[in-house]
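Trainee: Encoded as structure tokens, here's the structure I'll be asking about.
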Amino acid sequence: MHLRGVVLPDAEVRDIWVRDGLVSFDPVSGAETLCRTGWIVPGLVDAHCHVGIRYGGGDEDREGAIAQAETERDAGALLLRDAGSPIDTRFIDDHEELPRIIRAGRHIARPRRYIRELGIELDDERDLPDIVAEQARFGDGWVKIVGDWIDRSVGDLRPLWSDAILKEAIDAAHANGARVTAHVFGEDALPGLIEAGIDCLEHGTGLTDDTIEMMVEHGTALVPTLVNIDTFPEIADSAGKYPVYAAHMRDLHRRVRETVANAHDAGVPIFAGTDAGGSIRHGRIADEIVALSAAGLSTHDALGAASWNARSWLGHPGIEAGAPADFVVYQEDPRINPRILNSPQAVVLRGRVYRNHTPVTAHR
């Protein structure tokens with residue numbers, strides 16, 4: 001296969017060849033040409049995704065999980081960081097036509113302090129380091145813990161873990177070669193998580209100037225999941241028994257874009273994730289890129305947060321010689337017209353071209 005177009009992020013007009021599913025910059029005799037113009041972007045990344053959680057809640061079956069992965073692929077998301085799933089999705093690795101999934105195992109929480117039956121619930125927080133080490137060995141280099149959730153006894157968001165046990169647990173993950181990320185909405189859990197050496201924060205709506213500075217000092221990344229944060233007012237509306245919690249969630253939603261802008265301006269690494277699965281439908285990475293741009297990232301940086309920068313952060317190459325041929329082709333520059341992100345001209349995964357679930361034959 002042969003492509004010619006403006007290759008991002010450097011925005012150089014280049015010729016790309018594909019041989020045996022890998023990128024080459026050396027001409028391949030007899031290659032069929034897929035495009036002669038357009039913008040070629042390294043395969044998109046959804047860095048917070050849940051393949052295996054059914055839309056509306058509950059475990060997905062194998063067919064449903066495959067359909068979710070297909071939806072992500074057709075949206076151009078060819079690398080997924082699965083930030084917690086109740087099912088083992090390793091069977092998807094046997095499907096060459098589906099995106100690569102980087103798994104974080106199962107959510108780790110306390111009883112009645114997260115969505116029921118979704119994660120592993122620990123009666124005794126002292127078990128956290130051992131369970132984190134176990135999930136580190138089971139996952140693909142990531143572990144997911146729940147940092148805060150509503151505590152119904154006080155009627156608001158509260159941390160799940162003591163600072164000391166967080167440090168032990170994160171050290172245990174690192175000793176097993178895994179990074180750790182945490183679900184966290186509010187303010188109170190943030191200092192303990194960051195000081196304990198957490199590698200990434202999911203959502204991070206409660207960040208303040210002080211905790212943003214701590215993130216910069218520790219090199220902590222942020223995946224804001226803005227399309228999910230847009231559900232906060234609905235969550236608040238359904239929490240009539242807990243007015244303090246409801247008001248807190250509305251306030252976090254009101255200032256989230258300012259929070260993300262402040263984190264970006266301070267130098268916190270930010271990556272795109274939709275939180276697809278459960279309350280968010282799959283295939284919305286384009287919406288998250290647009291939301292990041294509206295929150296203060298340049299259109300170039302917002303796209304990079306879901307493409308070349310995210311791929312590098314997760315240890316996967318972009319468009320380079322010998323790398324898997326994973327890229328998305330657009331008819332217009334998606335940095336100038338972000339709406340085009342919802343209408344890719346072609347999605348190339350491992351050297352095969354897909355549109356609407358069907359491989360497409362290139363033309364000479």
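The values are calculated or read from the model by the stated rules, or taken from the named source; none is laboratory data. Note that the structure is predicted; figures quoted are calculated from it, not measured. Don't worry about glycine lacking a Cβ; one is built from the backbone with ideal geometry, like all the others, and counts go over all protein chains shown. Ligands, DNA and RNA are stripped out before the accessible areas are found, and what is left, the full protein with its side chains, is counted by its heavy atoms. Shrake-Rupley method; radii C 1.70, N 1.55, O 1.52, S 1.80 Å.
Trainee: Which condition number does residue 315 fail, the rest of (1) over 29 Å from residue 205 (Cβ atoms); (2) assigned to a loop (DSSP other than H, G, I, E, B) being met?
Mentor: (1)
Trainee: May I pose another question? Give the residue that is nearest to residue 273 (Cα to Cα), with candidates limited to residues of the range 81-118 that are of a type in the set (Val, Ile, Thr) and touching a helix residue (DSSP H, G or I) at 6+ places or on another chain (Cβ under 8 Å). Spell out the reasoning first.
Mentor: So the first thing to find is which residues in the range 81-118 are of a type in the set (Val, Ile, Thr), and the list is 87, 89, 92, 101-102, 108, 115.
Remaining after also requiring touching a helix residue (DSSP H, G or I) at 6+ places or on another chain (Cβ under 8 Å): 87, 89, 92, 101, 108.
Details: 87: 20, 89: 19, 92: 20, 101: 13, 108: 20 Å.
Result: 101.
Yes/no per residue for (1) closer than 30 Å to residue 238 by Cα; (2) in the same structural domain as residue 203 (by the TED database); (3) touching a residue at least 60 places away in the same chain (Cβ under 8 Å):
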| site | (1), (2), (3) |
| --- | --- |
| 84 | yes, yes, yes |
| 90 | no, yes, no |
| 113 | yes, yes, no |
| 123 | yes, yes, no |
| 126 | no, yes, no |
| 159 | yes, yes, no |
| 162 | yes, yes, no |
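Okay, residues lined up against (1) surrounded by 22 or more Cβ atoms within 10 Å (Cβ to Cβ); (2) in the same structural domain as residue 344 (by the TED database); (3) closer than 22 Å to residue 338 by Cα:
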{"position": "210", "(1), (2), (3)": "no, no, no"}
{"position": "236", "(1), (2), (3)": "no, no, no"}
{"position": "239", "(1), (2), (3)": "no, no, no"}
{"position": "244", "(1), (2), (3)": "no, no, no"}
{"position": "263", "(1), (2), (3)": "yes, no, no"}
{"position": "285", "(1), (2), (3)": "yes, no, yes"}
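Trainee: Quick one: count up the residues across the range 159-206 that are open to solvent by 10 Å² or more (accessible area, probe 1.4 Å), among the hydrophobic types (A, V, I, L, M, F, W, C) and either under 21 Å from residue 102 (Cα atoms) or part of a strand (DSSP E or B) (or both).
Mentor: 2
Trainee: Checking residue 249 against (1) within 22 Å of residue 47 (Cβ to Cβ); (2) open to solvent by less than 20 Å² (accessible area, probe 1.4 Å), which test does it fail?
Mentor: With respect to (1) within 22 Å of residue 47 (Cβ to Cβ); (2) open to solvent by less than 20 Å² (accessible area, probe 1.4 Å), residue 249 is out only on (1).
Trainee: Is it the case, given these coordinates, that residue 16 is in the same structural domain as residue 139 (by the TED database) and either at pLDDT 95 or above or not charged (D, E, K, R) (or both)? Give the derivation first.
Mentor: Numbers: in the same structural domain as residue 139 (by the TED database): no; either at pLDDT 95 or above or not charged (D, E, K, R) (or both): yes.
Taking the combined requirement at face value, the residue does not satisfy it.
Trainee: For the range 292-309, which residues satisfy the criterion of being surrounded by 24 or more Cβ atoms within 10 Å (Cβ to Cβ) and assigned to a helix (DSSP H, G or I)?
Mentor: Quick first cut of the range 292-309, residues surrounded by 24 or more Cβ atoms within 10 Å (Cβ to Cβ) only: 292, 302-307.
Scanning the range 292-309 gives 292, 302, 303, 304.
Trainee: Show the residue pairs that are 6+ apart or on different chains and have beta-carbon atoms under 6 Å apart, the first residue being within the range 25-50 and closer than 28 Å to residue 68 by Cβ, the second being in a loop (DSSP other than H, G, I, E, B) and of a type in the set (Ser, Thr, Tyr).
Mentor: Pairs found: 41/307; 42/307; 44/307; 46/274; 48/225; 50/85.
Trainee: To continue, here is another question. Within the range 137-152, track down each residue that is outside any strand (DSSP E or B) and open to solvent by 10 Å² or more (accessible area, probe 1.4 Å). Don't jump to the end; show me each part of the working.
Mentor: Kept after step one, since they are outside any strand (DSSP E or B), are these residues of the range 137-152: 137-141, 147, 152.
Those that are outside any strand (DSSP E or B) and open to solvent by 10 Å² or more (accessible area, probe 1.4 Å): 137, 138, 139, 140, 141, 152.
Trainee: Tell me which residues, restricted to the range 87-110, are of a type in the set (D, E, K, R) and outside any strand (DSSP E or B).
Mentor: 88, 90, 93, 94, 96, 97, 106, 110
Trainee: Taking residue 27, is it at pLDDT 95 or above and either of a type in the set (Val, Ile, Thr) or open to solvent by 40 Å² or more (accessible area, probe 1.4 Å) (or both)? Spell out how you get there, then give the answer.
Mentor: On the way: at pLDDT 95 or above: yes; either of a type in the set (Val, Ile, Thr) or open to solvent by 40 Å² or more (accessible area, probe 1.4 Å) (or both): yes.
Against the criterion (at pLDDT 95 or above and either of a type in the set (Val, Ile, Thr) or open to solvent by 40 Å² or more (accessible area, probe 1.4 Å) (or both)), residue 27 qualifies.
Trainee: Quickly run through the range 213-226 and pick out the residues that are on the phi < 0 side of the Ramachandran plot and either open to solvent by less than 10 Å² (accessible area, probe 1.4 Å) or polar (S, T, N, Q) (or both). Break it down into steps so the answer makes sense when it comes.
Mentor: Initial filter on the range 213-226 (on the phi < 0 side of the Ramachandran plot): 213-218, 220-224, 226.
Hits for the range 213-226 are 215, 220, 221, 222, 223, 224, 226.
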